[in-house]
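S.K.: This structure is in structure tokens; I'll ask about it shortly.
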Amino acid sequence: MAQSRSLIELSGVHKHYGEGESEVRALDGIDLRIERGEFVAIMGASGSGKSTCMNILGCLDRPTAGEYHLADVKVTDLPGDGLTMLRRHYIGFVFQGFNLLARTSALENVELPLVYRRVPRAKREERALRALALVGLEDRIDHAPSQLSGGQQQRVAIARALVTEPEILMADEPTGNLDSARTQEVMELLQQLNRDSGITIVMVTHEPDVASFAKRSIVFRDGQILSDTPQEEHA
Amino acid sequence: MIWATIFMALREIRRNTLRSVLTMLGVVIGVGAVIALVSVGRGATAKVTEDIGKLGKNLLTVSAGTFSRGGGGMGISAPPLRIDDANAIRRDVLGVDAVAAAAASSAQVIYGNSNQRTSVTGSDNSFFQVRAYVVEKGRLFSRAETQSGAASCVIGSTVRANLFQARDPIGETIRVGTIACQVVGLLVSKGQAGMGQDQDDLVVMPMRAVQRRITGNDNIQSIFVAAREGEGTGVVADRLRALLRQRRHRSEGLDDDFTIRDMAEIAETVTGASTALTALLGAIAAVSLVVGGIGIMNIMLVSVTERTREIGIRLAIGAFGSEVMLQFLLEATVLSTLGGVIGICFGLVGSYFAANAMSLPFVLAPDIVALSFVFSALVGVVFGYLPARKAANLDPIEALRHE
């Protein structure tokens with residue numbers, strides 16, 4: 001390696017939809033570096049490109065142009081299965097809609113990523129239990145999502161993202177469906193994970209309150225980065 | 001991985017029990033129908049074969065005259081068969097086990113105040129051997145009785161039931177036509193023959209007694225020939241034909257004036273027809289199995305749409321498209337195989353009761369059971385492929401956004 005790279009490096013990344021007249025430039029030349037252990041909030045109005053950027057960072061989508069390096073791997077050169085492997089080994093996702101499997105216990109939901117990593121059954125349960133304990137739900141392991149509150153569901157989703165011990169936690173509007181008390185609860189959990197476990201967190205949100213929990217705030221507008229500022233950690 | 005996926009598929013099926021059962025129903029009915037129809041069809045075939053076998057194994061029946069298609073019945077001009085013909089066959093034809101000449105007539109039989117009309121056959125003990133009759137009680141004819149044409153008789157179980165009801169007929173005297181006749185033996189019941197005639201409705205007497213005292217001539221109506229086991233009945237029939245043509249002076253170019261019926265040949269024809277019919281029924285039932293498969297495909301496609309978010313989650317957390325595909329393919333296969341197993345059970349139980357109701361033997365058809373099982377699994381793979389591929393090709397971003 002010629003130089004030591006950051007955990008995440010985007011250089012000149014474009015994402016265009018459609019062609020000709022109707023072409024939409026969702027991302028229009030993004031350069032971004034994120035180091036290990038950061039807690040980054042990506043902000044912007046809807047249509048600003050923040051979700052598109054998130055999808056590319058999460059290896060769910062590919063840029064139209066530009067380069068993306070994740071943990072020294074040039075993502076833009078990889079085939080489709082390579083993206084899946086990166087998701088498997090580096091990234092944990094937390095979504096706005098929780099996206100837990102219905103009628104499936106919290107424990108089984110958390111075990112799911114380990115199934116695809118071919119972790120043996122006994123080991124799977126042990127690690128899922130540890131992840132659930134980390135989010136404070138060790139007494140709810142047999143509950144199905146419908147038996148849990150929104151905050152608890154999101155904590156199960158966070159446990160599911162953490163169970164693989166990923167480098168990066170990608171959170172897409174993690175508090176979008178929660179009231180302010182639950183928002184506080186989930187954000188404090190994320191903050192604590194970042195501080196205690198050193199896990200890198202990239203979070204998309206449009207609420208300044210939520211963003212204020214992060215150590216760095218990046219604002220998108222019209223497919224470009226408007227501002228990138230470090231900020232005081234929220235108490 | 002494959003076990004984890006099968007486990008996942010099973011849980012998915014259990015999670016939506018009613019829908020799974022309805023999905024399986026098509027395959028259950030298809031497999032059940034195939035098994036039931038083929039089993040009953042084979043039972044019918046076995047029954048027909050058995051019935052024909054009851055007439056006597058490797059049996060050739062020679063009679064004078066020919067059956068003409070025009071409806072003229074037996075040729076009138078044909079000279080009758082004689083006892084010498086039977087003796088010549090016994091002496092000169094290779095591959096013959098036993099020969100029985102029979103003078104046949106019918107007469108009223110009377111005992112006490114019971115009476116009935118039945119067929120009276122005049123022959124000797126080889127008749128029982130050739131026609132596969134066994135004595136239940138009493139005895140067959142003694143040498144002296146056969147030679148002298150004594151008035152003794154062996155009766156079938158139908159005659160016994162009509163005349164004696166439950167009483168012991170042995171030693172009793174019945175009237176056959178105009179002659180008094182002592183019952184010396186009772187035959188084991190053979191039941192109905194393939195064409196519906198009652199094989200137990202008969203009285204057998206020594207040939208001379210029938211010829212002298214009932215028919216009044218020394219004609220014989222039939223010669224029953226048992227071909228030796230392992231000797232083709234066709235070959236023996238050809239030898240018989242050659243001998244009889246010679247004895248009856250049929251020169252080259254003239255048609256036979258006698259008929260040889262080959263039971264084995266008849267049996268083959270009837271079983272062949274029955275087997276073909278069974279195959280046809282099975283094929284029709286197999287169509288419903290395909291329809292069942294389409295039902296599975298239908299539900300699986302709906303299921304993929306319904307579970308789009310779930311598929312998105314799985315893809316996002318690191319499942320390969322191929323793993324999602326395997327999951328849906330296994331779900332379809334497990335459904336169809338389960339349906340197949342249930343269908344096999346229903347089919348077997350159904351055909352067991354159907355066979356009992358139609359008094360056919362219950363024939364277990366292991367080949368069809370195995371075939372149905374494999375086929376039902378295959379149905380899942382084939383019809384699960386399209387929905388599974390649809391699931392695997394979903395874009396995770398789109399899938400996660402799906403409501």
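The values are calculated or read from the model by the stated rules, or taken from the named source; none is laboratory data. What you see is a predicted model, and the numbers here were worked out from it, not measured in a lab. Backbone-built Cβ (ideal geometry, glycine too); neighbour counts: all protein chains shown.
S.K.: If I filter segment A:61-114 down to residues being assigned to a loop (DSSP other than H, G, I, E, B) and among the aromatic types (Phe, Trp, Tyr), which single residue comes out as farthest from the other protein chains (Cβ to nearest Cβ)?
M.R.: Step one: filter segment A:61-114 for residues assigned to a loop (DSSP other than H, G, I, E, B), giving A:61-64, A:71-72, A:78-79, A:95-105.
Adding the requirement that they be among the aromatic types (Phe, Trp, Tyr) leaves A:95, A:98.
Details: A:Phe95: 7, A:Phe98: 10 Å.
Ranking the qualifying residues of segment A:61-114, first place goes to A:Phe98.
S.K.: Out of B:Phe328, B:Phe320, I need the residue that is aromatic (Phe, Trp, Tyr) and within 14 Å of chain A (Cβ to nearest Cβ). Which one? If you could, list the steps in order and put the result at the bottom.
M.R.: Details: B:Phe328 fails: within 14 Å of chain A (Cβ to nearest Cβ).
After ruling out the rest, the residue left standing is B:Phe320.
S.K.: Continuing with the same structure: Could you list, in sequence order, the residues of segment B:9-63 that are polar (S, T, N, Q), more than 17 Å from the chain's Cα centre (by Cα) and assigned to a helix (DSSP H, G or I)? Give the steps one after another, and end with the answer.
M.R.: Narrowing segment B:9-63 to residues polar (S, T, N, Q): B:16-17, B:20, B:23, B:39, B:45, B:49, B:58, B:61, B:63.
Filter once more, so that each one left must be more than 17 Å from the chain's Cα centre (by Cα): B:16-17, B:20, B:23, B:58, B:61, B:63.
Residues satisfying the conditions are B:Thr17, B:Ser20, B:Thr23.
S.K.: Which one is farthest from the other protein chains (Cβ to nearest Cβ), of the residues in segment A:43-60 that are crowded, with 18+ Cβ neighbours inside 10 Å and of a type in the set (S, T, N, Q)? Working first, answer last.
M.R.: Step one: filter segment A:43-60 for residues crowded, with 18+ Cβ neighbours inside 10 Å, giving A:43-44, A:48-60.
After this cut, where a residue has to be of a type in the set (S, T, N, Q) as well, the list is A:48, A:51-52, A:55.
Numbers: A:Ser48: 17, A:Ser51: 9, A:Thr52: 9, A:Asn55: 6 Å.
In this case the residue turns out to be A:Ser48.
S.K.: Further question on the same structure: Could you list, in sequence order, all residues of segment B:365-393 that are surrounded by 17 or more Cβ atoms within 10 Å (Cβ to Cβ) and within 12 Å of chain A (Cβ to nearest Cβ)?
M.R.: Answer for segment B:365-393, where residues must be surrounded by 17 or more Cβ atoms within 10 Å (Cβ to Cβ) and within 12 Å of chain A (Cβ to nearest Cβ): just B:Ala392.
S.K.: So, restricting to strands (runs of 3 or more DSSP E) that lie completely within segment B:185-278, which ones have at least 3 residues that are more than 18 Å from the chain's Cα centre (by Cα) and under 30 Å from B:Glu172 (Cβ atoms)? First the steps, then the outcome.
M.R.: Details: elements: B:202-206, B:222-227, B:258-262.
Here the list reads B:202-206.
S.K.: Okay, moving on. Among B:Ala88, B:Ala78, which is under 24 Å from B:Arg208 (Cβ atoms) and either in a loop (DSSP other than H, G, I, E, B) or modelled with pLDDT under 85 (or both)?
M.R.: Criteria check complete, one pass: B:Ala78.
S.K.: Here's another thing I want to ask about it. When the residues of segment B:5-31 are filtered to those that are surrounded by fewer than 18 Cβ atoms within 10 Å (Cβ to Cβ) and of a type in the set (S, T, N, Q), which remaining residue is nearest to the other protein chains (Cβ to nearest Cβ)?
M.R.: Only one residue fits best here, namely B:Asn16.
S.K.: Let me ask something else about it. Go through B:Arg314, B:Arg309 for me and flag whichever is within 30 Å of A:Ile168 (Cβ to Cβ), in a helix (DSSP H, G or I), within 14 Å of chain A (Cβ to nearest Cβ) and touching a residue at least 24 places away in the same chain (Cβ under 8 Å).
M.R.: Values: B:Arg314 fails: touching a residue at least 24 places away in the same chain (Cβ under 8 Å).
Testing whether each residue is within 30 Å of A:Ile168 (Cβ to Cβ), in a helix (DSSP H, G or I), within 14 Å of chain A (Cβ to nearest Cβ) and touching a residue at least 24 places away in the same chain (Cβ under 8 Å) leaves just B:Arg309.
S.K.: Within segment A:2-10, does at least one residue satisfy the condition of being charged (D, E, K, R), under 29 Å from A:Glu232 (Cα atoms) and away from every other protein chain (no Cβ under 14 Å)?
M.R.: First, the residues of segment A:2-10 that are charged (D, E, K, R): A:5, A:9.
Remaining after also requiring under 29 Å from A:Glu232 (Cα atoms): A:5, A:9.
Remaining after also requiring away from every other protein chain (no Cβ under 14 Å): A:5, A:9.
Yes: segment A:2-10 contains one or more residues that are charged (D, E, K, R), under 29 Å from A:Glu232 (Cα atoms) and away from every other protein chain (no Cβ under 14 Å).
S.K.: Restricting attention to segment B:139-153, report how many residues are assigned to a helix (DSSP H, G or I), hydroxyl-bearing (Ser, Thr, Tyr) and under 15 Å from B:Phe128 (Cβ atoms). Break it down into steps so the answer makes sense when it comes.
M.R.: From segment B:139-153, those assigned to a helix (DSSP H, G or I) are B:143-148; that's our starting set.
Remaining after also requiring hydroxyl-bearing (Ser, Thr, Tyr): B:146, B:148.
From what is left, the residues that are under 15 Å from B:Phe128 (Cβ atoms) are B:146.
Within segment B:139-153, residues that are assigned to a helix (DSSP H, G or I), hydroxyl-bearing (Ser, Thr, Tyr) and under 15 Å from B:Phe128 (Cβ atoms) number 1.
S.K.: Please specify each residue of segment A:39-60 satisfying the condition of being touching a helix residue (DSSP H, G or I) at 6+ places or on another chain (Cβ under 8 Å) and part of a loop (DSSP other than H, G, I, E, B).
M.R.: Taking segment A:39-60 first, the residues touching a helix residue (DSSP H, G or I) at 6+ places or on another chain (Cβ under 8 Å) are A:39, A:41-44, A:55, A:58-60.
The answer is A:Gly44, A:Gly58, A:Cys59, A:Leu60.
S.K.: How about segment B:133-148: which of its residues are surrounded by 18 or more Cβ atoms within 10 Å (Cβ to Cβ) and farther than 21 Å from B:Ser63 by Cα? Give the derivation first.
M.R.: Start the filter on segment B:133-148 by keeping residues that are surrounded by 18 or more Cβ atoms within 10 Å (Cβ to Cβ), which leaves B:133, B:140-141, B:145-146.
B:Leu140, B:Phe141, B:Glu145, B:Thr146 - these are the residues of segment B:133-148 that are surrounded by 18 or more Cβ atoms within 10 Å (Cβ to Cβ) and farther than 21 Å from B:Ser63 by Cα.
S.K.: Oh, and also: Hey, A:Val156 hits all of (1) in a loop (DSSP other than H, G, I, E, B); (2) under 17 Å from the mean Cα position of the chain (by Cα); (3) farther than 27 Å from A:Val13 by Cβ but one; which does it fall short on?
M.R.: Against the list (1) in a loop (DSSP other than H, G, I, E, B); (2) under 17 Å from the mean Cα position of the chain (by Cα); (3) farther than 27 Å from A:Val13 by Cβ, A:Val156 comes up short only on (1).
S.K.: Quick one: which residue in A:Val40, A:Val13 is under 20 Å from A:Phe213 (Cα atoms) and either crowded, with 16+ Cβ neighbours inside 10 Å or within 14 Å of chain B (Cβ to nearest Cβ) (or both)? Don't jump to the end; show me each part of the working.
M.R.: Details: A:Val13 fails: under 20 Å from A:Phe213 (Cα atoms).
Answer to the check: A:Val40.
S.K.: Got at least one residue in segment B:317-328 being part of a loop (DSSP other than H, G, I, E, B) and aromatic (Phe, Trp, Tyr)? Spell out how you get there, then give the answer.
M.R.: Of all residues in segment B:317-328, those part of a loop (DSSP other than H, G, I, E, B) come to B:317-320.
Keeping just the survivors that are aromatic (Phe, Trp, Tyr) gives B:320.
Checking segment B:317-328: at least one residue is part of a loop (DSSP other than H, G, I, E, B) and aromatic (Phe, Trp, Tyr).
S.K.: Test each condition in (1) buried (at least 17 other Cβ atoms within 10 Å of the Cβ); (2) more than 15 Å from B:Arg314 (Cα to Cα) for A:Ser149 and report the one that comes out false.
M.R.: For A:Ser149, the failing item is (1).
S.K.: When you go through (1) part of a helix (DSSP H, G or I); (2) touching a residue at least 24 places away in the same chain (Cβ under 8 Å); (3) more than 14 Å from every other protein chain (Cβ to nearest Cβ) one by one for B:Phe362, which number turns out not to apply?
M.R.: That leaves (1) as the condition not met.
Matching residues to (1) more than 17 Å from B:Ser157 (Cα to Cα); (2) surrounded by 15 or more Cβ atoms within 10 Å (Cβ to Cβ):
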| site | (1), (2) |
| --- | --- |
| B:Ile89 | yes, yes |
| B:Val93 | yes, yes |
| B:Ala104 | yes, yes |
| B:Asn115 | no, no |
| B:Ser123 | yes, yes |
| B:Arg131 | no, yes |
